[in-house]
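**Student:** Questions regarding the structure given below will be posed in turn.
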Amino acid sequence: MDIRELFARNRAWAARMRARDPDFFSRLAHQQAPRLLWIGCADSRVPATQITDLDPGSIFVHRNIANLVVHTDINMLSVVQYAVEVLRVEHLVVCGHYGCGGVRAAMAERQYGLIDNWLRHIRELRERHAAELAAIGDPKLRERRLVELNVCAQVLNLARTTIVQNAWARGHPLALHGWVYDVADGLLHDLATTVTGPEALGEVWRMRPPTERG
Ligand code: CO
């Protein structure tokens with residue numbers, strides 16, 4: 001790809017958008033008001049707004065390899081805090097995808113370098129669900145199941161953050177969803193793992209904000 005071509009394509013795209021809606025960019029320049037936060041995989045085949053057929057301004061996005069919610073990741077936590085406390089989104093989506101290279105690497109019996117330290121979170125998940133995964137004979141289906149288990153685990157990780165717990169405590173309606181995208185047919189699937197309050201969490205994870213005494 002000629003890198004200069006990207007600028008030509010960008011000018012043509014901006015012109016098309018203006019032709020369709022003359023105020024589109026001036027409206028967005030004023031403020032963004034996305035309805036949901038998307039935590040997805042960095043994979044080039046899973047761009048949030050494109051696969052949901054939405055325009056720029058619709059989705060606040062954080063992407064990393066294998067869509068992980070790691071509690072020491074200040075980058076992810078900053079995105080979640082801004083989305084919840086400033087943009088006041090009401091939906092947080094963790095979207096994984098079948099055919100995820102990160103999940104595949106976490107299932108392999110070899111090293112890949114530095115990234116093994118990031119993918120360790122999935123390897124630990126694989127160990128936790130070893131019995132269920134071992135019962136799946138087809139390696140492709142086993143990998144798909146780990147993709148789903150990973151999404152469910154990351155939704156729970158999100159629910160355990162103080163950002164989400166404090167939002168619920170303030171009465172801010174916040175729904176956490178787990179979705180999977182299939183790169184083979186372009187379709188999104190809801191894993192029906194939606195969490196809308198602290199009830200879904202174990203006792204250990206229910207933490208009162210420091211301002212509350214008792
Ligand atoms: Co991926």
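**Student:** Specify the residue that is farthest from Ala83 (Cα to Cα); the eligible residues are those in region 176-199 that are surrounded by fewer than 14 Cβ atoms within 10 Å (Cβ to Cβ) and either outside the structural domain of His71 (by TED's automatic domain parsing) or aliphatic (A, V, I, L, M) (or both).
**Tutor:** Ala184
**Student:** Oh, and also: Of the residues that make up region 67-82, is at least one within 16 Å of the ligand (Cβ to nearest atom), β-branched (Val, Ile, Thr) and in contact with a strand residue (DSSP E or B) (Cβ under 9 Å, 6 or more places away or on another chain)?
**Tutor:** So the first thing to find is which residues in region 67-82 are within 16 Å of the ligand (Cβ to nearest atom), and the list is 67-70, 76.
Narrowing further to those that are β-branched (Val, Ile, Thr): 69-70.
From the residues that got through so far, the ones that are in contact with a strand residue (DSSP E or B) (Cβ under 9 Å, 6 or more places away or on another chain) too are 69-70.
Among the residues of region 67-82, at least one is within 16 Å of the ligand (Cβ to nearest atom), β-branched (Val, Ile, Thr) and in contact with a strand residue (DSSP E or B) (Cβ under 9 Å, 6 or more places away or on another chain), which makes the answer yes.
**Student:** Moving on. Test Arg45 against the criterion of being within 16 Å of the ligand (Cβ to nearest atom), assigned to a loop (DSSP other than H, G, I, E, B) and among the basic types (Lys, Arg), and give yes or no. Let's see the steps before the verdict.
**Tutor:** On the way: within 16 Å of the ligand (Cβ to nearest atom): yes; assigned to a loop (DSSP other than H, G, I, E, B): yes; among the basic types (Lys, Arg): yes.
Yes: the conditions hold for Arg45.
**Student:** Then there is this: Any residue that is buried (at least 18 other Cβ atoms within 10 Å of the Cβ), assigned by TED's automatic domain parsing to the domain that holds Leu92 and either without any contact (Cβ under 8 Å) to a residue 40 or more places away in the chain or over 19 Å from the mean Cα position of the chain (by Cα) (or both) - is there at least one of those in region 147-165?
**Tutor:** yes
**Student:** Restrict the check to region 106-125 and report whether at least one residue is within 29 Å of Trp13 (Cα to Cα) and either surrounded by 17 or more Cβ atoms within 10 Å (Cβ to Cβ) or more than 16 Å from the ligand (Cβ to nearest atom) (or both).
**Tutor:** So far as region 106-125 goes, no, none of its residues is within 29 Å of Trp13 (Cα to Cα) and either surrounded by 17 or more Cβ atoms within 10 Å (Cβ to Cβ) or more than 16 Å from the ligand (Cβ to nearest atom) (or both).
**Student:** Residues in region 14-26: is at least one in contact (Cβ under 8 Å) with a residue 40 or more places away in the chain and not hydrophobic (A, V, I, L, M, F, W, C)? Step through it out loud before you land on a result.
**Tutor:** Within region 14-26, the subset in contact (Cβ under 8 Å) with a residue 40 or more places away in the chain is none.
Looking through region 14-26, none of the residues is in contact (Cβ under 8 Å) with a residue 40 or more places away in the chain and not hydrophobic (A, V, I, L, M, F, W, C).
**Student:** Hey, can you tell me all the residues within region 22-54 that are of a type in the set (Asp, Glu) and either surrounded by 14 or more Cβ atoms within 10 Å (Cβ to Cβ) or closer than 18 Å to Asp182 by Cα (or both)? Steps first, please.
**Tutor:** Our first condition is that a residue be of a type in the set (Asp, Glu); within region 22-54, this holds for 23, 43, 53.
Asp43, Asp53, listed by residue number.
**Student:** Separate question: Working only within region 166-193, note down all residues that are free of Cβ contacts under 8 Å to residues at least 24 places away in the same chain and at negative phi.
**Tutor:** We begin by selecting, within region 166-193, every residue free of Cβ contacts under 8 Å to residues at least 24 places away in the same chain; these are 170-171, 185, 187, 189-190, 192.
Correct list: Arg170, Asp185, Leu187, His189, Asp190.
**Student:** Filter region 48-66 down to residues that are within 16 Å of the ligand (Cβ to nearest atom) and either on the phi > 0 side of the Ramachandran plot or touching a Pro at 6+ places or on another chain (Cβ under 8 Å) (or both), then give me how many there are. Let's see the steps before the verdict.
**Tutor:** The initial filter retains those residues of region 48-66 that are within 16 Å of the ligand (Cβ to nearest atom), namely 48, 50-51, 61-66.
The next check asks that each one be either on the phi > 0 side of the Ramachandran plot or touching a Pro at 6+ places or on another chain (Cβ under 8 Å) (or both); those that pass are 66.
Adding up the residues that qualify gives 1.
**Student:** A follow-up question, please. Would you be able to tell me the number of residues in region 154-180 that are in contact with a strand residue (DSSP E or B) (Cβ under 9 Å, 6 or more places away or on another chain) and among the small types (Gly, Ala, Ser)? Outline the logic, then answer.
**Tutor:** Of all residues in region 154-180, those in contact with a strand residue (DSSP E or B) (Cβ under 9 Å, 6 or more places away or on another chain) come to 154-159, 164, 174-180.
Checking the rest, the ones that are also among the small types (Gly, Ala, Ser) come to 159, 175, 178.
The number of residues fulfilling the criteria is 3.
**Student:** Still on this structure: Kindly list the number of the only condition in (1) within 16 Å of the ligand (Cβ to nearest atom); (2) free of Cβ contacts under 8 Å to residues at least 24 places away in the same chain; (3) not in a loop (DSSP other than H, G, I, E, B) that fails for Gly40.
**Tutor:** (2)
The values are calculated or read from the model by the stated rules, or taken from the named source; none is laboratory data. From a predicted model like this one, the values you see are computed outputs, not experimental measurements. For neighbour counting, all protein chains shown are included, and Cβ atoms are generated from backbone atoms with ideal geometry for every residue, glycine included.
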